[in-house]
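Heads up: the structure comes next, in structure tokens.
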Amino acid sequence: MVEKVSSIKTYQWDAPSLITRIDVRAQDKNGAVAYIYPPENAQEHAPKLLALRDRFKQMGWATNSDNRYGKSVLRVSGLANENELLALLQTGNHIMGAARISTTANNSHEGLGDSLRSNSLRASGIFYTLGNILFIISGIRRKDNDQIGTGVSFAVGDSLLTAFGGKDDRRQFKSLLTKLTKHLEEKGIAIPEGAAITAETMAAKGGFLETVYDYMHEHINGFKILAEIAGGVYYFRAGLNQHNPRKQAAAAVIVAGWTAALLIKEKKPDKEKLQNAGSLEKAWAYIQEKPLRLAGWAGLTHNALSTWGAFEERRDQLAQPNGTRHYQWDMAGIAAMLLGNSLYSISNKVTGGSIETGALVEDVYGLAAQVLNRQPPELRQKAIEATADFLGERTELKDSRSQIIEHLRKEMEALSHNPWFYPREQTAQTPGLNRR
């Protein structure tokens, strides 16, 4: 199933509390993020709000002036949980009286089609695993070590795919921010000291097992594809052993298609550029959008050739009164693999593909806008372009490059009027902010 961001817990207080509302969500097993709303007459309390933000930073928490549901907030990350934040606010009399607590479910809703696409990677692993078991049984009955090797090789990748291929918004979010940070640094855009994006990407590790899970989740398709290529080699040798040219052809298709899927970088197509593109350029963009299509299609071709070979083997075995019936296991395995390949072909190479939780998508823009607002005027335009170049190619976000630029500029402008915004970060009048 898809692992999405947990529900939002909201705390509310009445005046004369300075802080009247805080939204909290668990970021991962080791921390939480809080969105603190300013009072209605926020400008009158600006010095207190900025002093409070300084206090948060002294506690080692990362802060970011942000927008939430069209309202200004201060995003505080790096919290172990909300209790330490509430304790600090109570000590300073920033909140008074008992809080009214409510919980709001995740704001992301999926239809059947979206749910299928979101879970297709892990679901494909389940059907692949069933097919592997049947191929191994076929190899054992045939006493063919190469066919057994095919099933075992496939099984290694598919068991990992089943275990680590689930969609996980939190991991996807952190991975995206980590890659954005690296991209900006490669483009000569420095990440300002104390930027909230650093707190997100440098969060404390959750122990050895959590670290391993993070790594496997990030690179699962690489492991899956390498296992598939190894299995294809074994399958080719099994075809030689069994004098089955269909199996040999199927194996060659597997190795070629999955190798291509491994080497091609996944890239979201730029629909604006493709409007005037030629057929070949559009075809290449289609492949780059989801390189796993090549793997899935190669798998389906493998299924067709293997089915052909199984029927030929069936014909030969039925012609012998006491002949074996090994083809039955191959046919059953092919049926399971057919479902697995179909699901894999609609999956993203980037694990999970998109971030389904709307709040996290908005956080991506907010965290990026904080970095952009802190750039020197002469670098701000370059930074905006570099950010849009990266996000425009990522499958996690659905916006086009021009939409991303527009969203970033609006976010930067809105943040400059946020009462939590440090005066030294003010950019509303900075030349270049409104340039395209």
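We did not get these values from a lab; they are worked out from the coordinates using the rules stated. Quantities reported herein were computed from a predicted structural model and do not represent experimental measurements. In this analysis, Cβ positions are derived from the backbone assuming ideal geometry, glycine residues included, and neighbour counts consider all displayed protein chains.
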*Remind me, relative contact order of the chain in percent, using alpha carbon pairs under 8 angstrom and six or more residues apart?*
20 percent
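With respect to the cross-link table entries K9/K268; K187/K267; K187/K410, which display a Cα-Cα separation exceeding 25 Å?
From K9/K268; K187/K267; K187/K410, over 25 Å: K9/K268.
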*Please work out how much length the chain gains when fully extended from I101 to L50, using 0.36 nm per residue of separation minus the C-alpha to C-alpha distance, in nm with one decimal.*
15.8 nm
*Starting at the first residue of the stretch 324-341, write each ³J(HN,Hα) from the Karplus equation 6.51 cos²θ - 1.76 cosθ + 1.60 with θ = phi - 60°, in whole Hz, x for Gly and Pro.*
6, 10, 5, 4, 4, 5, 5, 5, 5, x, 4, 4, 5, 5, 4, 5, x, 5
_the stretch 374-423: C-alpha gyration tensor shape, a/c 1.5 cut-off, then a/b vs b/c_ = oblate
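As a test of the formula, what do you get for the chain when each DSSP H run with n ≥ 4 contributes -39,500 (n - 2.57) and the sum is divided by the residue count, at 222 nm and rounded to the nearest 500 deg cm²/dmol?
Rounded to the nearest 500, the figure is -20000 deg cm²/dmol.
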_Of Q147, Q275, Q328, the one that fluctuates the most in a GNM where the chain has Cα springs shorter than 10 Å_ = Q275
*For the pair E186 and L274, how long in nm is the line joining their label points, each one 7 Å along Cα→Cβ?*
2.3 nm
*Reachable aspartates and glutamates, given that their alpha-carbon falls under 14 Å from the alpha-carbon of K71 and they are not under 8 places away in the same chain*: D23, E40, E362, D363, E411, E413
_Computed from the coordinates I sent, Cα extents along the principal axes in Å equals one of (i) 105, 52, 43; (ii) 95, 51, 34; (iii) 103, 69, 52. Tell me the label._
(ii)
*By a straight-distance test (C-alpha under 30 Å), which lysines pair with K247 as possible cross-link partners, with residues fewer than eight away in the same chain excluded?*
K143, K224, K265, K290, K349
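Can you tell me what the convex hull of the Cα atoms of the stretch 182-315 projects to on average, as an area in nm²? Please report the intermediate quantities before stating the final value.
Details: hull surface 52.9 nm².
Taking a quarter of the hull surface, the average projection is 13.2 nm².
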_Among A295, A227, A15, which one shows the highest mean-square fluctuation when the chain is modelled as a Gaussian network with alpha-carbon springs under 10 Å?_
A15
